[in-house]
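Heads up, the thing below is written out as C-alpha cells.
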Amino acid sequence: MNKYDNIEFEVQDGIGTLWLNRPEVRNAFNNHMIADVIDCLESVEHDPDILALVIRGRGKVFCAGADIHWMKSFSKLSYEEDYQENMHLARCFYMIYTFSKPTIAIAHGASFGGGNGILAACDIAYCAAETTFSFSEVKIGIIPATISPYVIKRSGEFNARELMLSGKRFSCREAFDKGLVNHIYPDEEIEEALEQLFNEFRANSPQAMASTKELIFNICKSSNFNETIDYTARMIADARASEEGQEGMAAFLEKRKPSWIRKRENVINK
C-alpha cells in the first residue's frame, strides 16, 4: 500500500489519507517519520486524482509529540546540527500549512506537543470526544517553537499563552473553545462527518479550492490593505478567466453539473 516505514498512505475515492504509523510509541515523531511525511506530501501535492488530504494516527492516540529517544540524541549534536533538525521539522509543518489541497486532521486519544502543530497547520481539525491535549514542552524545559505560528493563528495570542505557558492537559471541549479544533464528534460519528465534508469537496472545483487556499494565505500575510484590495480583484479575475471558472459559470447558467463532477462520477462508475 505504501513505501514508507513510519507512515502509511492510501487513496480512496479521491481522498488521500496519511496515517502516522508508530503506534508502539503513540505515534511520536522522529527525524525518520518527519522525512516520510515530507516525502509523501511532495509526491501527492500535484496528483490530480487526489482531491483532499486527511492526516490520522494508527493505534490508541493521534500523536504524542516528539519521540523521547530522538530528543535525547540532540545532546550529541552541534548547535548547527540541532538547528538543521529543527528546520526539518519546521518545514514539515509549513508543507502541511501550504499544501495546495484541503487538509483535515483527525485527533483521537491524545494530541501532545508537535501533534498539535499538525492539527493547527491543517485547514480543518476534528477530534474524537475523549481526546486529551497538551503543550507539554515547558514541563521539560523547552518551548513549542516550530508549531507556534500555526497554533497562534488558530487559537489567538492569549489562548496560546495560557495553553503553552501552563503546559496543562486539557479536554476536547477546551480545545474547541480555544479554536484548536473545528468540531468534536463521538467516535462513531467521525466517519459520517468526514464523508459529508468529502462530498462537499467533490462538488467543488479543485482549482478553485487551491486558489482559495492561496488567497487566504496571501491575505493573512499581507500588511498593506491597499495591496490586498488590488490582489483580491486580480485573484477573482484570474479565477473567472480560468478553464474551471468558465466551465463552472457555464454549468450554473445551463443548470447542469460542471465537468469536474461528471469526470469524477465517470471514474467511480468505471
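The values are calculated or read from the model by the stated rules, or taken from the named source; none is laboratory data. All values reported here derive from a predicted model rather than from experimental measurement. Backbone-built Cβ (ideal geometry, glycine too); neighbour counts: all protein chains shown. Calculation scope for accessible area: heavy atoms of the full protein, side chains included, ligands and nucleic acids excluded. Shrake-Rupley method; radii C 1.70, N 1.55, O 1.52, S 1.80 Å.
Taking 8 Å as the Cα distance limit and 6 or more residues as the minimum spacing, I'd like the relative contact order of the chain as a percentage.
Rounded, it is 14 percent for the chain.
What number, rounded to the nearest 500 deg cm²/dmol, is the helix-based mean residue ellipticity at 222 nm of the chain, given -39500 (n - 2.57) per DSSP H run of at least four residues and division by all its residues?
Numbers: 12 runs with 138 residues, N = 270.
Calculated from helices alone, the mean residue ellipticity at 222 nm is -15500 deg cm²/dmol.
Can you tell me the 0 to 90 degree angle between the C-alpha axis of helix 157-166 and the longest principal axis of the chain, rounded to 10? For helix 157-166, the angle is close to 30 degrees. Computed from the alpha carbon atoms alone, the convex hull of the chain holds 153 Å³ per residue. Result for the chain in a Gaussian network model with C-alpha springs under 10 Å: among Asn21, Asn116, Asn30, the largest mean-square fluctuation is at Asn30.
When the Gaussian network model of the chain links Cα atoms closer than 10 Å, the mean-square fluctuations of Gly57, Gly14, Gly115 top out at Gly14.
Against the chain, whose longest principal axis comes from its Cα atoms, helix 243-253 is set at around 60 degrees. Among the protein heavy atoms of the chain, carbon and sulfur supply 54% of the accessible surface, probe 1.4 Å, non-protein parts ignored. DSSP beta bridges confined to the range 4-137 are antiparallel in about 25 percent of cases.
Overall form of the range 1-90: oblate. Here a/c, set by the Cα gyration tensor axes a ≥ b ≥ c, is 1.5 or more, and a/b is not larger than b/c. In terms of overall dimensions, the range 209-270 has a Cα radius of gyration and Dmax of 15.5, 50 angstrom.
For the range 205-258, which trypsin sites (Lys or Arg not before Pro) are both in a DSSP coil and crowded by at most 14 other Cβ atoms within 10 Å?
Details: sites: Lys213, Lys221, Arg234, Arg240, Lys255, Arg256; in loops: Lys255, Arg256.
Those satisfying the criteria are Lys255, Arg256.
If one takes the longest principal axis of the Cα atoms in the chain, at what angle in degrees, from 0 to 90 and to the nearest 10, does the Cα axis of helix 190-202 lie? Compared with the principal axis, the helix lies near 40 degrees. Only beta bridges with both residues in the range 104-260 are counted; by DSSP, about 25 percent of them are antiparallel.
How big is the Kirkwood radius of the range 190-237, worked out from every pair of different alpha carbons and given in Å to one decimal? Let's see the in-between values first.
Values: mean 1/r = 0.0801 Å⁻¹.
In the range 190-237 this quantity evaluates to 12.5 Å.
Highest GNM mean-square fluctuation among Met33, Met95, Met71, for the chain modelled with Cα contacts below 10 Å: Met71.
Taking each of Lys3/Lys178; Lys3/Lys168; Lys221/Lys263; Lys3/Lys263; Lys72/Lys153; Lys178/Lys221 in turn, the alpha-carbon distance tops 27 angstrom for Lys3/Lys178; Lys3/Lys168; Lys221/Lys263; Lys3/Lys263; Lys72/Lys153.
Within the chain, antiparallel bridges make up roughly 30 percent of the DSSP beta bridges whose residues both belong there. The tail of the calculated P(r) for the range 32-158 beyond 16 Å holds 64 percent of all Cα-Cα pairs. With all protein chains kept in place, the per residue accessible area of the chain amounts to 55 square angstrom at a probe of 1.4 angstrom.
Packing-based ranking of 75-83, 176-184, 103-111 yields 103-111, 176-184, 75-83, ordered from highest to lowest mean Cβ neighbour count within 10 Å. Residues whose amide H lies under 5 Å from that of Val54, counting only those 5 or more places away or on a different chain, are Gly16, Thr17, Leu18, Ile104; hydrogens are built 1.01 Å from N in the peptide plane.
Kirkwood hydrodynamic radius, the range 120-236, all distinct C-alpha pairs: what's the number in Å?
Working: mean 1/r = 0.0603 Å⁻¹.
It is 16.6 Å.
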